[in-house]
Amino acid sequence: MIWDRLLRNLHLVTLAEPGGGWGMVRDAAIAIRDGQIAWLGPAAELPHQNARHTTDLQEAWVTPGLIDCHTHLIFAGSRVEEFERRLEGVSYAEIAARGGGIMATVRATRDASLETLVETGRERLRNLMREGVTTVEIKSGYGLETATELRMLRAARELGRELPVSVITTFLALHALPPEFADDRRAYVELVAGEMLERALAEGLVDMVDAFLEGIAFTAEEVGRLFRAARGQGLPLRLHADQLEDGDGAALAASFGALSADHLEYTSEAGVRAMAEAGTVAVLLPGAFYTLRETRRPPVDCFRRLGVPMAVATDANPGSSPLLSPLTALNMACILFGLRPVEAVRGMTVNAARALGLASDRGSLETGKRADLAVWRIAHPAELCCWLGADPLELLFIEGEPVVPPARRLVPSRPAPLRPSLRPASRAARRPPRGR
Ligand code: NIG
Ligand code: FE
């Protein structure tokens, strides 16, 4: 049998060990057929070398492509003013109560065209790919009205078509209460759980459903209304839970059999126990913890003790986690939350795949799984967590096809051209003006 592609002269980090290790194999090879891993192991055991293409990876380390399982990558506008307010001591919750925070992004996103959302989202997603991401989840939640929620989800789908990366879409219309429903929360929840979800589903825009359960957002009863509707449609569930206070969010997520509960800084042991029993993944978001200068850490020891798998994601968003660097999220998971490097990397591969319900086809390197690979110029896989700003990615393979990591862009908050006045003047512009 001829392979489509043979990768040789590499070291493997399979993350396929049930015990939770790296699964390192030095001096290894990978054979790819039909976009999947057809064979992998020590080069000395390679059954044959018949392949259409052979690539010498020059002793690079190969991990599964990274999976960023929680992002709010599609939005418009900027929240730098809020960043400054928070540094002056105003809290995230106070800013939200004054109509800023998520609502500031909602106003800008409602005004943005599909093209703008796609264009700015594309730049952000290219930054994630630059650091190894081959699968990304993108949430709605900055529309809070049918037209804009659908437009956000269409933009996410468009990115999945344009770029080789897999995009998973999440319907998060229960993210904040829009001011037009300030006097009738119930009507908003009914709209979301009814017409809005139905229309998004009818257009094929929804892979999963999420909600923000928090004192500043929605109650357990309101989330339950949406979750029942979503479950009735067979949709997988996620939940933003216990970020700013213990709202029994982890237990609620578990009671609905949610794939994941996310944030979890204030989750109690009872909540962790419920997650363990339901098989709900804990998605840790150290970027939001860092940006909001939180002090209460998620109960990592308890997750370990009770066997709750931990995932790590960027939570990329314009307010609480302006972070487009998955490797920085790994570093923060180690430094701020005390994860071991192997736990952090598993958190952005094998456990992130579980949080998205995709563990059967990606997240670890095993025969039969997708050949989504990140090729790193490092001396040991723990270096992915240890360095900041090292730019170690050499190459990606997505479904077995090589993808050159895109160049980094510095200001991914607005569509290109970024700052026309700073661009070198074009020939035409430099030509002296003709006499009148
Ligand atoms: O995951 N917690 C709610 N949602 C986002 C914040 C979004 C925002 O501030 O715009 C989060 O942190
Ligand atoms: Fe979030």
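The values are calculated or read from the model by the stated rules, or taken from the named source; none is laboratory data. Just so it is clear, the model here is predicted, and its values are computed rather than measured. We place every Cβ from the backbone using ideal geometry, glycine too, and count neighbours over all the protein chains shown. Surface accessibility is based on the protein's heavy atoms, side chains included, excluding ligands, DNA and RNA. Shrake-Rupley method; radii C 1.70, N 1.55, O 1.52, S 1.80 Å.
Tabulated data for the structure shown
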item: Identity of the residue in region 68-90, without any contact (Cβ under 8 Å) to a residue 40 or more places away in the chain and not charged (D, E, K, R), that ends up farthest from ligand 2 (Cβ to nearest atom); result: GLY89
item: Residue within region 78-87 that is open to solvent by less than 20 Å² (accessible area, probe 1.4 Å) and in contact with an Asp or Glu (Cβ under 9 Å, 6 or more places away or on another chain) present; result: no
item: So ALA333, is it closer than 30 Å to ALA76 by Cβ and modelled with pLDDT of 95 or more; result: yes
item: Number of positions in region 178-206 that are surrounded by 15 or more Cβ atoms within 10 Å (Cβ to Cβ) and either on the phi > 0 side of the Ramachandran plot or within 16 Å of ligand 2 (Cβ to nearest atom) (or both); result: 0
item: Top-ranked residue of region 346-363 - restricted to ones that are of a type outside the set (S, T, N, Q) and without any contact (Cβ under 8 Å) to a residue 60 or more places away in the chain, ranked as surrounded by the fewest Cβ atoms within 10 Å (Cβ to Cβ); result: ASP361
item: Per-region count, region 156-168, residues over 30 Å from ILE378 (Cβ atoms), more than 16 Å from ligand 1 (Cβ to nearest atom) and of a type outside the set (D, E, K, R); result: 0
item: Failed condition for GLU158, given (1) open to solvent by less than 40 Å² (accessible area, probe 1.4 Å); (2) under 30 Å from VAL403 (Cα atoms); result: (1)
item: All strands (runs of 3 or more DSSP E) inside region 231-345 with 3 or more residues being among the hydrophobic types (A, V, I, L, M, F, W, C) and either open to solvent by less than 40 Å² (accessible area, probe 1.4 Å) or more than 14 Å from ligand 2 (Cβ to nearest atom) (or both); result: 281-284, 310-312
item: Any hit, region 240-250, residues being modelled with pLDDT of 95 or more, among the polar types (S, T, N, Q) and within 15 Å of ligand 1 (Cβ to nearest atom); result: yes
item: Only listed residue being within 16 Å of ligand 1 (Cβ to nearest atom) and either touching a Cys at 6+ places or on another chain (Cβ under 6 Å) or aromatic (Phe, Trp, Tyr) (or both), chosen from GLU149, GLU214, GLU137; result: GLU137
item: Some residue of region 266-274 being under 18 Å from THR170 (Cα atoms), among the β-branched types (Val, Ile, Thr) and within 16 Å of ligand 1 (Cβ to nearest atom); result: no
item: From ARG414, ARG427, residue being modelled with pLDDT under 95, among the basic types (Lys, Arg) and in contact with a helix residue (DSSP H, G or I) (Cβ under 8 Å, 6 or more places away or on another chain); result: ARG414
item: Tally of residues being surrounded by fewer than 18 Cβ atoms within 10 Å (Cβ to Cβ) and in a strand (DSSP E or B) across region 6-32; result: 4
item: Long-range neighbours under 6 Å by Cβ, at least six apart or interchain, first residue at positive phi within region 254-275, second modelled with pLDDT of 95 or more and surrounded by fewer than 22 Cβ atoms within 10 Å (Cβ to Cβ); result: GLY257/ALA278
item: Only one of GLU383, GLU366 that is closer than 17 Å to LEU10 by Cβ, of a type outside the set (Gly, Ala, Ser) and free of Cβ contacts under 8 Å to residues at least 60 places away in the same chain; result: GLU383
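Rundown of residues vs (1) within 14 Å of ligand 1 (Cβ to nearest atom); (2) more than 28 Å from ASN127 (Cα to Cα); (3) touching a strand residue (DSSP E or B) at 6+ places or on another chain (Cβ under 6 Å); (4) in the same structural domain as GLU88 (by TED's automatic domain parsing), yes/no style:
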site: ALA258; (1), (2), (3), (4): no, yes, yes, yes
site: PRO299; (1), (2), (3), (4): no, yes, no, yes
site: PRO322; (1), (2), (3), (4): yes, no, no, yes
site: VAL345; (1), (2), (3), (4): no, no, no, yes
